[in-house]
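First the structure, in the form of structure tokens, and then the observations on it.
No value in this document is a laboratory result; all are computed from the given coordinates. Keep in mind it's a predicted model, so treat the numbers as computed, not measured. Here the Cβ positions follow ideal geometry from the backbone for every residue, glycine too, while neighbour counts run over all protein chains shown.
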Amino acid sequence: MRSKGSASGRAGRRGSTRPSPLFAKPCRKIPARAPLDWAATQINLGDALAKLGERESGTERLEEAVAAFREALQELTRARVPLQWAGTQNNLGNALATLGMRESGTARLQEAVAAYREALQEYTRARVPLQWAISTGSQGVALMLLAERRGDAQMAKLAVQQIEAALTITRDGGDAPSAGFYEAQLPKARALAQKTRQALSPPHRFYNSEPRCSRDPNRDGSAAPGPWRPDRISYFQKVQFALRR
């Protein structure tokens, strides 16, 4: 039953174009009174919008979800609530990654990778292994999509490593839904890594065919060092190189 003297009912009868307060934007004065409660509401709003956005074909709801998570991060700072901050960064990364899948460019996917990287500053493997695995695996999926669009073999290889790690930890930790998701993504990531590696095979064959040391010794009798080998790059260098591209 409609309320007898509701303001919205009177406004509707007068033909007013003012929006209903129910659909107005959140008041920015609220954080001054209850900032963490306000931020929690923004997270709930973002989660609901993200779920709606996954079911719809457009991107409007996902854009709104991204905005809600970013609003929450204004109050849920790393210094104040580190794990909640990391969780919100992870949710932001999920929304951005879904947007990136639907768009032709790479900007949203890059933002998703950055958001997951932020989450992993607090979601460490030693501290919260399951959360670490989920953020690591989700970042791996975003890297896989980026690598596919860029034709980046190094990034594709890194994506495989991250998805493999996420699968192992989630499976061992009893998170069957997450483990199932990463298990489904792993063949795609491996196929992409192989495809991009084959695309770079001519220069790699040239370098790999060279001996480690040349036959001509130096003046002191020691063997001269061989040419630079891409396969000798350390794992840490590979990670840094792939994330900065």
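Measuring nothing but how far apart in sequence close Cα pairs (under 8 Å, 6+ apart) lie, relative to its length, the stretch 28-122 scores a relative contact order of 24 percent. Arranged from fewest to most other beta-carbon atoms within 10 Å of their beta carbon, Asp175, Asp152 become Asp175, Asp152. Karplus-based coupling profile of the stretch 171-176, in residue order and whole Hz: 5, 5, x, x, 8, 4, with θ = phi - 60° in 6.51 cos²θ - 1.76 cosθ + 1.60 and x standing for Gly or Pro. For the stretch 28-122, what does the alpha-carbon gyration tensor say about shape, rounded, prolate or oblate, given a ≥ b ≥ c as the root eigenvalues, a/c under 1.5 as rounded, and a/b over b/c as prolate? In terms of gyration-tensor shape, oblate. Along the charge dipole of the stretch 28-122, Cβ charges K/R +1 and D/E -1, which of Leu45, Thr77, Ala114 sits furthest on the positive end? Checking the options against the dipole of the stretch 28-122, the answer is Thr77. Placing dummy labels 7 Å off each Cα toward the beta-carbon, the span from Thr168 to Arg125 is 0.7 nm.
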